[in-house]
Amino acid sequence: MRRSIRFAWLAALALVVARPADAFLFVSGSNGRSGDLVAVWVKNNFELIVNLGPVEQLNFGTVIGFTVPNQFGGSLAGGKFTALAVPNPDAVFPDIEGLPGPPQNNVAFTTNQDPMILDDDQVALKIGDAQSHLDTPTGGQAWLALLNSIPAAGSQDVVSNDDDQALIGASLATSYTSLVGFTTDTIANSFPLTTAVTIDKDGTGAPYAIDLYEAFQTLTDVGGGNYQYGAEVTALGSFHGDSGGTGYAILSLEPAPEPASVAIGATALATLVGVARRRRRAIA
C-alpha cells in the first residue's frame, strides 16, 4: 500500500542542531527510523536541495513536483541530479563473546553504474568512508547534518530556505558541491560509484532516470578467527524526472528494474568479532 511521504518537518522535535526559523530540516536515522533522503539538483552554480523524507518510507509514484528556479535558466537541462542518505548511522553489529560489535556502516545512493562493483576488495572501507562524509552517529561536520545550519534566506548565497527545501549557491560552505560533490560525484571521492546523472545530456529534452540503492555492510565468520566484510545491496527503485522545460519539473520513484535484493560478498578480511545477516526488503 502506498503511503504519502511524511516530510522531515514532522520530526522537528527531534532536532538538536541550532538553526534559523523556517530553515531546512534534515532528520538523521536511528534504530527506530530511517534517515532522510536528500535530493539535489545542480546547475549554473546553484543547488536546489530537497528533503524527500525517510528513505525506507518512500513509495512508488510521484514523489515531488517543483517550480524550476529562475537561477537554472528556465529548465534543468544541462544540470545534474543526485540523491543520498544514511539509513541508520547508529547501526552496529551484534556483540559476540562479550565484545562490542563494530559499526555496521550503511549508505543510500543513486547511480546508473553497476552496484555489483561493491564486491571490490575494499567495499567495507568504501561504504564506511562514504557514510563518514554523509552522516555519522554524532552528526558533527558530515554534510547531511550540516544542512540544518544553512543560513536564513537572504543571507549570502542563500536564495530560499524552508523546512523541506533550500536554494543555495554551490559555493556555500554547506553545499553538496563544496562538501561531497567535488568534480566526480563519488561522495567526496570516497565511493567507487558515480552517484549523479546529467539531465538532458544530449539536448533532446528526453527524461532522465537513475536508480536508487541501499547498501549495508555485512560481517561473516570465515573461520580461523577471521571475519570477512561484505555488503548487502537493495534496489529501492528508480528515480525518473523531466527537464522541466515548461518551468515545472516532476520527480517520481518507480519500481526497481532488477530483483529487489542481492547479497554480495567482499574479500576484505578483518579479525573483528561480530556477525550480522541483515535481510533487506523492497519498498512495497
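The values are calculated or read from the model by the stated rules, or taken from the named source; none is laboratory data. Here the structure is a predicted model, which is why all the values come from computation and not from measurement. Neighbour counts run over all protein chains shown; Cβ positions are idealised from the backbone, glycine included.
Within region 120-141, the set of residues being acidic (D, E) and either under 19 Å from L236 (Cβ atoms) or crowded, with 16+ Cβ neighbours inside 10 Å (or both) comprises D120, D129, D135. Scanning for something modelled with pLDDT of 95 or more, out of contact with any Asp or Glu (no Cβ under 8 Å at 6 or more places or on another chain) and farther than 22 Å from T220 by Cβ, does region 119-133 turn up at least one residue? Yes, there is a match, as at least one residue in region 119-133 is modelled with pLDDT of 95 or more, out of contact with any Asp or Glu (no Cβ under 8 Å at 6 or more places or on another chain) and farther than 22 Å from T220 by Cβ. Counting only strands (runs of 3 or more DSSP E) that sit completely within region 221-284, those holding 2 or more residues that are at pLDDT 95 or above correspond to 226-241, 248-254.
Does any residue of region 93-107 turn out to be surrounded by fewer than 23 Cβ atoms within 10 Å (Cβ to Cβ), β-branched (V, I, T), in a strand (DSSP E or B) and modelled with pLDDT under 95? Yes - at least one qualifying residue is present in region 93-107. Residue count for region 162-183 under the criterion of being assigned to a loop (DSSP other than H, G, I, E, B) and in contact with a Ser or Thr (Cβ under 7 Å, 6 or more places away or on another chain): the result is 4.
I need the full set of residues from region 190-218 which are in a loop (DSSP other than H, G, I, E, B) and either β-branched (V, I, T) or out of contact with any helix residue (DSSP H, G or I) (no Cβ under 9 Å at 6 or more places or on another chain) (or both), in order please. T194, T195, I199, D200, K201, D202, G203, T204, G205, A206, P207 - these are the residues of region 190-218 that are in a loop (DSSP other than H, G, I, E, B) and either β-branched (V, I, T) or out of contact with any helix residue (DSSP H, G or I) (no Cβ under 9 Å at 6 or more places or on another chain) (or both).
Taking L144, is it surrounded by fewer than 21 Cβ atoms within 10 Å (Cβ to Cβ), in contact (Cβ under 8 Å) with a residue 24 or more places away in the chain and part of a helix (DSSP H, G or I)?
It is false that L144 is surrounded by fewer than 21 Cβ atoms within 10 Å (Cβ to Cβ), in contact (Cβ under 8 Å) with a residue 24 or more places away in the chain and part of a helix (DSSP H, G or I).
Exactly one residue among V63, V68 is buried (at least 19 other Cβ atoms within 10 Å of the Cβ), more than 23 Å from S132 (Cα to Cα) and more than 20 Å from the chain's Cα centre (by Cα), and that residue is V68. Of all residues in region 151-163, exactly one satisfies the criterion of being without any contact (Cβ under 8 Å) to a residue 24 or more places away in the chain, surrounded by 15 or more Cβ atoms within 10 Å (Cβ to Cβ) and more than 20 Å from F66 (Cα to Cα), namely D157.
Once region 204-218 is narrowed to residues that are surrounded by fewer than 23 Cβ atoms within 10 Å (Cβ to Cβ) and among the small types (G, A, S), the residue that is nearest to T110 (Cα to Cα) is A209. Report yes if some residue within region 56-77 is on the phi > 0 side of the Ramachandran plot and in contact with a helix residue (DSSP H, G or I) (Cβ under 9 Å, 6 or more places away or on another chain); otherwise report no. No: zero hits.
Looking at A166, is it within 30 Å of F66 (Cβ to Cβ), out of contact with any His (no Cβ under 7 Å at 6 or more places or on another chain) and either of a type in the set (D, E, K, R) or surrounded by 21 or more Cβ atoms within 10 Å (Cβ to Cβ) (or both)?
Details: within 30 Å of F66 (Cβ to Cβ): yes; out of contact with any His (no Cβ under 7 Å at 6 or more places or on another chain): yes; either of a type in the set (D, E, K, R) or surrounded by 21 or more Cβ atoms within 10 Å (Cβ to Cβ) (or both): yes.
In short, yes.
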